[in-house]
Amino acid sequence: MSAKILDGKGTAQAIRAEIKEDVDKFIAETGVQPTLAVVLVGEDPASQVYVRNKETACVKAGMRSLMYRLPATTTNEELVALIEKLNRDETVHGILVQLPLPKGLDEKRILDLIDPHKDVDAFHPENVGLISQGRPRFLPCTPYGIQQLLVRYQIETAGKRVVVIGRSDIVGKPMAALMIQKGLGGDATVTVCHSRTVNLAQVAREADILIAAIGKPEFVTADMVKPGAVVVDVGMNRVERELVNEQGNLEKVSKLVGDVDFEKVKDVASWITPVPGGVGPLTVTMLLNNTLKAARLLVKAR
């Protein structure tokens, strides 16, 4: 048996086409262009790539993208002043601060300062609380994207055992919160595993749907997966491998891998996401969705 591919890239393209239609309609009806402000502090290479992807996606969706690139020497007070300015700006509907922030900056303080009505990452405590109560304003982008992927591939979640490996505030915790809610893409029985979980491999083998978001290259091996399980890989890890080149010499090659040993696990699972081309494109897509929703809410509130 070889698993079928959960094509995140193709699914993201389909959803973005839907969002583009909705954006065009929204602008025609209101005269307001949904606007996302992205704040990048420092020169982290991965963050630079993510920010460019978000900027390009915004433009293609018909949205306005405002980029604020600040030096790594930016102080807490300077960053606070910028966030407060964006909070007051009625033409800005979504605010995203690219993480991680350079050392010395108070990440929690900055994220808490973002107006919860413009918090399109859904990191603000108010939005996290609304999610836990089942009445979300915004849904966190990566978990929301995963849920949409499962729904659009008609993967049944109701009554299923879901195991999430990783308890981060960005993926693990909100993923569990989404999957236990009533309704489409939810109604699951969820277990969250982490570094202190006893017999983690045994717990993972009980999953009908296994979601790996632990940040360790190829951590999930074939013996951790129940035959026929659906496996979603959130990891994005760059590793170096030694390969024999055409001249017969060993050379080091950089490769992007997930948290799942794809080549081995695909022979056990029924469905699996690739890396790249799996969860990643959906994260940016759901950011666009949240930005449009934020624009609708702010226009409605006027």
Completion exercise
Normalised Cα Rg of the range 124-266, dividing by 2.2 N^0.38 Å with N its residue count, works out at 1.17
Completion exercise
From DSSP H assignment alone, runs of 4+ in the chain each adding -39500 (n - 2.57), the sum over residues rounded to the nearest 500 puts [θ] at 222 nm at -12000 deg cm²/dmol
Exercise for the section: Take Met175, Met236 and sort them by solvent-accessible surface of the protein heavy atoms, 1.4 Å probe, largest at the top. Expected result: Met236, Met175
Problem - Mean shadow area of the range 74-143 over all directions, Cα convex hull, nm² - result: 4.9 nm²
Handout entry: Rough spin-label spacing in nm, given labels placed 7 Å along Cα→Cβ, for Ile180 and Val239
Key = 3.2 nm
Handout entry: Out-of-range pairs (alpha-carbon distance over 30 Å; input Lys182/Lys255; Lys25/Lys255; Lys9/Lys85; Lys60/Lys264; Lys25/Lys54)
Key = Lys182/Lys255; Lys25/Lys255; Lys9/Lys85; Lys60/Lys264
Fill in the blank from the handout: Between His194 and Asp223, Cβ-based FRET efficiency (R0 30 Å, step 0.05) works out to 0.95
Completion exercise
Taking only the alpha carbons of the chain, the radius of gyration and the largest Cα-Cα distance, Dmax, both in angstrom, are 20.0, 68
Fill in the blank from the handout: Expressed per residue, the solvent accessible area of the range 112-209 in Å² (1.4 Å probe) is about 45 Å²
Completion exercise
The FRET efficiency for Glu107 and Arg302, from their Cβ-Cβ distance with R0 = 30 Å and rounded to 0.05, is 0.45
Practice task
Check each of the trypsin sites (Lys or Arg not before Pro) in the range 52-106 and keep only those in coil by DSSP with at most 13 other C-beta atoms within 10 angstrom; list them in order.
Solution key: Lys103
Fill in the blank from the handout: Taking Cα atoms only, helix 280-300 is inclined relative to the longest principal axis of the chain by an angle, in degrees rounded to 10, of 30 degrees
Exercise for the section: For helix 141-152, report the angle its Cα long axis makes with the longest principal axis of the Cα atoms of the chain; keep it between 0 and 90° and round to the nearest 10°. Expected result: 60 degrees
Problem - For peptides 260-271, 19-30, sequence by mean Cβ density within 10 Å, most packed first - result: 260-271, 19-30
Exercise for the section: Can you spot the aspartates and glutamates whose alpha carbon is less than 16 Å from Lys118's alpha carbon? Ignore those fewer than 8 places along the same chain. Expected result: Glu84, Asp89, Glu90, Glu126
Fill in the blank from the handout: Per-residue accessible area, 1.4 Å probe, largest first, puts Asp115, Asp223, Asp44 in the order Asp223, Asp44, Asp115
Problem - Within straight-line cross-link reach of Lys4, aspartates and glutamates at Cα separation under 16 Å, skipping those fewer than 8 residues along the same chain - result: Glu156, Asp208, Asp233, Asp261, Glu263, Asp267
Handout entry: Computed Rg/Rh of the range 185-302, alpha carbon atoms with Kirkwood Rh
Key = 1.12
Handout entry: Gain upon complete extension [Asp267, Glu84; 0.36 nm per residue less C-alpha separation]
Key = 60.8 nm
Practice task
Give me the angle, in degrees from 0 to 90, between the Cα long axis of helix 8-30 and the longest principal axis of the Cα atoms of the chain, rounded to the nearest 10.
Solution key: 20 degrees
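The values are calculated or read from the model by the stated rules, or taken from the named source; none is laboratory data. A quick note: this is a predicted structure, and the numbers were derived from the prediction, not measured. Neighbour counts are summed over all protein chains in view; Cβ atoms, including those assigned to glycine, are modelled from backbone coordinates with ideal geometry. The protein model used for the area step is the full one, side chains on, heavy atoms only, and it has no ligands, DNA or RNA in it. Shrake-Rupley method; radii C 1.70, N 1.55, O 1.52, S 1.80 Å.
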